């Protein structure tokens, strides 16, 4: 669901694209301790252990009271996650990132994960 500026209402802090219901803007879950940093734009990457992609490039998704937009998504082995990725994900090290992403199952170096680049957007964007 790619939306342009003209398609977004500006009258509400909880704006959704025109022509859609609030329920049609799906959410993406982040841990409570990360949510504010995601919405502030300090976290710009997420690593997910999914069986299939749950987001689309260009899609907008609710995170708590705000919105994010997906810039890129790729499937790769966890071994390909760099230290720069770890910092962008808001984690102190790879093992902490691995542990956070492993809520859906164990992650080894060869486990395929989704590397998701994202940015926070305002309802006016």
Item to check | Expected-Rg normalisation [2.2 N^0.38 Å, Cα atoms] applied to segment 36-111 | outcome: 1.09
Next on the checklist: Need one number: nm distance between label points at residue 40 and residue 75, each 7 Å from Cα along Cα→Cβ, rounded to one decimal.
Outcome noted: 3.5
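Each reported figure results from applying straightforward, stated rules to the coordinates on display, with no laboratory input. Note that the coordinates shown come from a computational prediction; the quantities given were computed from them, not determined experimentally. So basically every Cβ, Gly included, is an ideal-geometry build from the backbone, and we count neighbours across all protein chains shown.
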